[in-house]
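Take a look at the structure below.
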Amino acid sequence: MAEIAFIGGGVMAEAMISSLIDRGVAQPSEITVGEIDAARREYLARTHKVGVVSENAKAAAGHADGTPVIIALKPQHIDALRELKGAGGGSGPIVSIAAGVPIARLRELTGRQAVVRVMPNTPAQIGLGMSVWTATAEVGDSSRELVSAILGAMGRELYVHDERYIDMATALSGSGPGYVFLFLEALIDAGVHIGLQRDQAELLARQTLLGSAALADQSGRHPAELRNMVTSPGGTTAEGLAALEQGGLRAAVAQAVIAAHAKSRQLS
């Protein structure tokens, strides 16, 4: 593989870099990161053996023909992409993981028409991420295959044909880990409330969520069917589920996703 450029070297950029190297999609010598923070540059170079530069334009100029420039900036720093106009480099696409920054804005800032917009999520840090992406017509088949391989190195990836689905994915899979962590925290606290030691409650709750998600994924069964399998008539699970329904769990989850979607559209 030829040179891949990263603009920004934060947590998500590092997750992508680590996944690319671990899965053999790219070698450290084939990755260059543009990062303004000197301490962060030193850390990335030391930890991952990648090339680092302080100027975004220099990083972009080094990427090879057909390979992507991956934009891993925070949305509030996205104007720094103006530095890429006329920076040279290959003809590969701009691949942005900046939340809420639409394709039109990315084109305006970079002067490039071949743009991929991605919504990853934080489990990408351990190779279990979910990335939803779309691409403009100017992104060729070979570049699309490369983007798919890059995102697949972080977990699973899903291509959508319309940018509006990115905002929907932001509300569900992008923000979803936050909802899950809140439920996990509540489950742990409830365990402590009924008398478990906190370390015991944490172990039970984490493994229960992990195992339940894996069972749903690997069995292919509908969640309702799996729920019924553990719910005996008149039993403890039935009693607990009734309390959750009375507390409005389904409605609260739906409102969370709807609110996050509205916010994502507002940011876009």
As a test, work out the antiparallel percent of DSSP beta bridges whose residues both lie in the range 84-214, rounded to the nearest 5. 35 percent
Between the residues Ile71, Val50, Gly34, the Cα farthest towards the positive end of the dipole of the range 30-83, that dipole coming from +1 and -1 charges on the beta-carbon of Lys, Arg, Asp and Glu, is from Val50
Using packing as a proxy for protection, rank 235-246, 22-33, 112-123 so that the peptide with the highest average count of other Cβ atoms within 10 Å comes first. 112-123, 22-33, 235-246
DSSP beta bridges in the chain [antiparallel fraction, %, rounded to 5]: 15 percent
To test your reading of the geometry: what angle, between 0 and 90 degrees and rounded to tens, separates the Cα axis of helix 249-267 from the longest principal axis of the chain? 20 degrees
For helix 38-48, report the angle its Cα long axis makes with the longest principal axis of the Cα atoms of the chain; keep it between 0 and 90° and round to the nearest 10°. 80 degrees
For the chain, what is the number of Lys pairs with C-alpha distance below 23 angstrom, counting only pairs 8 or more positions apart or on separate chains? 5
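Using the heavy atoms of the protein chains and a 1.4 angstrom probe, tell me the accessible area per residue for the range 164-206 in square angstrom.
For the range 164-206, the solvent-accessible area averages 64 Å² per residue.
First compute the accessible area of the range 107-253 with a 1.4 Å probe, then give the percent of it belonging to carbon and sulfur atoms.
Using a 1.4 Å probe with all protein chains present, the range 107-253 comes out at 60 percent carbon and sulfur.
Taking the Cα centre of the range 108-247 as origin and charging only Cβ (+1 Lys, Arg; -1 Asp, Glu), how large is the dipole, in debye to the nearest 20?
Charge dipole of the range 108-247: 160 debye, to the nearest 20.
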Residue-normalised accessible area of the range 1-71, given per residue in Å² at a 1.4 Å probe: 41 Å²
Highest to lowest packing among 217-228, 165-176, 139-150, scored as the average C-beta count within 10 Å: 165-176, 139-150, 217-228
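The values are calculated or read from the model by the stated rules, or taken from the named source; none is laboratory data. In this text, all values refer to a predicted model and were calculated from it rather than measured experimentally. Using ideal geometry, Cβ is built from the backbone for each residue, glycine included, and neighbour counts are taken over all protein chains shown. Note: areas computed on protein heavy atoms with side chains; ligands, DNA, RNA excluded. Shrake-Rupley method; radii C 1.70, N 1.55, O 1.52, S 1.80 Å.
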